[in-house]
1. Three principal axis extents, largest first, for the C-alpha atoms of region 27-72, in Å?
2. Asn174's amide H: which non-local residues (gap 5+, or another chain) put their own amide H closer than 5 Å, with H modeled 1.01 Å from N in plane and none for Pro or chain starts?
3. Counting other Cβ atoms within 10 Å, which trypsin sites (Lys or Arg not before Pro) in region 1-70 have at most 13 and lie in a DSSP loop?
4. Per the Kirkwood treatment, what hydrodynamic radius in Å, one decimal, follows for the chain from the mean inverse distance over all distinct Cα pairs?
5. Where does helix 24-35 land angle-wise versus the long Cα axis of the chain, in degrees 0 to 90, nearest 10?
6. In degrees between 0 and 90, to the nearest 10, how far off the longest principal axis of the chain does helix 81-90 point, with axes built from Cα atoms?
7. Please list 3J(HN,Hα) in residue order for region 171-183, calculated via the Karplus relation 6.51 cos²θ - 1.76 cosθ + 1.60 where θ = phi - 60°; whole Hz, with x for glycine and proline.
8. Among DSSP beta bridges whose residues both lie in the chain, state the antiparallel percentage, nearest 5.
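Nothing in this text is a laboratory measurement; each read-out follows from the coordinates by a stated rule. Values in this document were obtained by computation on a predicted structure and should not be read as measured data. Note that we place each Cβ from the backbone using ideal geometry, even for glycine, and neighbour counts take in every protein chain shown.
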Amino acid sequence: MTEIEDAIERADRESFTREPPKTLKGRIGYLIRQLGSAKAVAREIGVTADSVNRYRRGARKHPRSDVATKIDDAVRARWQPEVRKRRRRQAAATGGITVETRAGFGYTAPIGTTDDGRFRRLTVHLPPEYAGRLFDARDAGDQQLRQIIADGFKDVYFQDGGARAMGLSDVAINDIDYLGLDY
């Protein structure tokens, strides 16, 4: 998973209107309702169906740390999918997406100007078209996520919507130190 995909996942988790179940018993019960059987849950988290039933009954209360992580990931991946979809649709249609990052930016500029890349800390609100492109690319498994954000920074931050730096042709994000998304 790339930095950008991680940032999208964090933003999705922040959009939950209710917290997922906190207890192991509650999480296992939720997964069984979602997947249909203890056997399906066992396949998902990598344990036996008997272990899943022990977790559900409360006979086993502390799974191994790797199993606990798989349980947590499985619950969060299925928790409130409609809320996440609605927030993404809203960002892609009207709201846009805010990107906060500290990254190395490089760009191609006309002769006589500096095109030296450097680290910048930016918080930029990208229009809805970039949010839509970002979500579509992520859902399609496209690896152009970084370039979509770079294009948005080029248009909104570097060129200020066409008011400056019109000779700037390519912007690239070279090194990402931190990246956060909000929509």
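1. Principal axes ranked by extent give 24, 19, 16 Å for the Cα atoms.
2. When sequence neighbours closer than 5 places are left aside, the close amide H contacts are Gly104, Phe105, Gly106.
3. Numbers: sites: Arg10, Arg13, Arg18, Lys22, Lys25, Arg27, Arg33, Lys39, Arg43, Arg54, Arg56, Arg57, Arg60, Lys61, Arg64, Lys70; in loops: Arg18, Lys22, Arg60, Lys61, Arg64.
Those that pass, being in a loop and sparsely packed, are Arg18, Lys22, Lys61, Arg64.
4. Taking the inverse mean of 1/r over all distinct Cα pairs, the chain comes out at 18.8 Å.
5. 80 degrees
6. Result, in degrees: 10.
7. 10, 10, 9, 8, 10, 10, 8, 8, 8, x, 10, 9, 8
8. Around 100 percent antiparallel, to the nearest 5.
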